[in-house]
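Novice: Provided herewith is a single structure, encoded as structure tokens, for subsequent inquiry.
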Amino acid sequence: MNCKKVRRLLPLMAGSEIPKSKILALKTHLEECPKCRQEYDSYNLSLEKTKEWLAKDRKDWEDNEWKQALRRAIKDKKPEVSPPVSWPFKKVWAYSFIGMLVVALTLLFIIRPSITQKNMGLGSEKFTQEQAQLFRRSPEESEQEVVSMTLVSKETGLKIVWFLNKNFELEVKE
Amino acid sequence: MKSEDELVEDVLSGDHRAFELLLQPYRQGLLSMAYRMTGNLEEAKEVCQEALIKVYRYLRRFKKGRSFKSWIYRITVNSAYDSLRKKKKDEYLVESQKKIDFSAGHDPEKQLLNREIKAKIETCLQNLSPKEKATFLLRDGEGFSIQEASEILECSSISIRTHLSRARKKIREQFEKINFADAKEVRR
């Protein structure tokens, strides 16, 4: 163990918070290095003096003050009846969930155009079959005598089909 | 002699006397902690009052089997943080620290050892950040373990070790500085 590492651990060693595995190496170094030993003694002295003073100079309430403080704490208040339900998950889980949700939505947004094209796009298989069925309902009519116009909304998928005869007059179809 | 959990039950069932019994062992510790955090006795009493109100109000949230001492210290430390934040105490502390430094040099009673040590340690503590101070006071002042201190301050034990290490380093440096300054004065 070098001096730099030892000096980093000295504040904790002064308070006996060093793992047992490191103590032996530290003690060996302190026996060999007078500068580190001096620093360690200095930590011990300052800590000892401070602890001593903190123990000696403790503040206390006057009895009537203490009782008054307790009365104030109790006065006009009752302990909460129902504790609020604490969040059962860790924050990390919440953030991971939000992250996954964002990724899923992004993927959906990227994939979506192909889905919509499949369901509503002009020239799609579904649309052609429906259109053919409409023509099949009136076999007596000649295909050349009827023209159809179809409008499809890309946003809503709403379809409007107009049938026009050879004179371009609108025909009503069931 | 009733256990703390039993006393908590009594308080929750409306026994006000039990509340006093429950807090009696900590009255000195809580006030001392608040005083060291704020640096002012009156303010420390206000912090403690705030903490007592919270303890009583949220007593039902206390989980049985856990340390009541750690719980009330956490409430007190958080109240002290709030107080420091509200009054921009950090700035005030710097000012009061300057006052201490100045007064210590001209105090006729400086000769008295206790007063001298008191002034030195006060100065050392004032130089710590609120988190370092809280960690140092809990571990070295109140004798909590690293684990307990990490529960009270709601941070990892690694973080506690880091703050504690920094606090002790600063205190040692301040100690050396003051000793050095005193030695100079003596030489003159």
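Residue by residue, here is whether (1) outside any helix (DSSP H, G or I); (2) modelled with pLDDT of 85 or more; (3) in contact with a strand residue (DSSP E or B) (Cβ under 6 Å, 6 or more places away or on another chain); (4) over 30 Å from residue B:54 (Cα atoms) holds:
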position	(1), (2), (3), (4)
A:40	no, yes, no, yes
A:44	no, yes, no, yes
A:47	no, yes, no, yes
A:54	no, yes, no, no
A:61	yes, yes, no, no
A:64	no, yes, no, no
A:68	no, yes, no, no
A:73	no, yes, no, no
A:82	yes, no, no, no
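Novice: Okay, moving on. Just to be sure before I move on: is residue B:60 farther than 24 Å from residue B:3 by Cβ, basic (Lys, Arg), modelled with pLDDT under 90 and in a helix (DSSP H, G or I) in the structure I sent?
Specialist: For residue B:60, the condition - farther than 24 Å from residue B:3 by Cβ, basic (Lys, Arg), modelled with pLDDT under 90 and in a helix (DSSP H, G or I) - is not met.
Novice: Can you pull out the residues in the range B:28-50 that are part of a helix (DSSP H, G or I) and surrounded by fewer than 19 Cβ atoms within 10 Å (Cβ to Cβ)?
Specialist: B:28, B:41, B:42, B:46, B:49
Novice: I would also like to ask the following. Based on this model, can you work out whether residue B:164 counts as touching an Asp or Glu at 6+ places or on another chain (Cβ under 9 Å) and either within 8 Å of chain A (Cβ to nearest Cβ) or of a type outside the set (Lys, Arg) (or both)?
Specialist: yes
Novice: Right, something else. Of A:74, A:18, which residue is of a type in the set (A, V, I, L, M) and more than 30 Å from residue B:27 (Cα to Cα)?
Specialist: Sole residue among the options that is of a type in the set (A, V, I, L, M) and more than 30 Å from residue B:27 (Cα to Cα): A:18.
The values are calculated or read from the model by the stated rules, or taken from the named source; none is laboratory data. The model shown is predicted, which means the values in this text are computed figures rather than measured ones. Here Cβ is always computed from backbone atoms with ideal geometry, including for glycine, and neighbour counts include all displayed protein chains.
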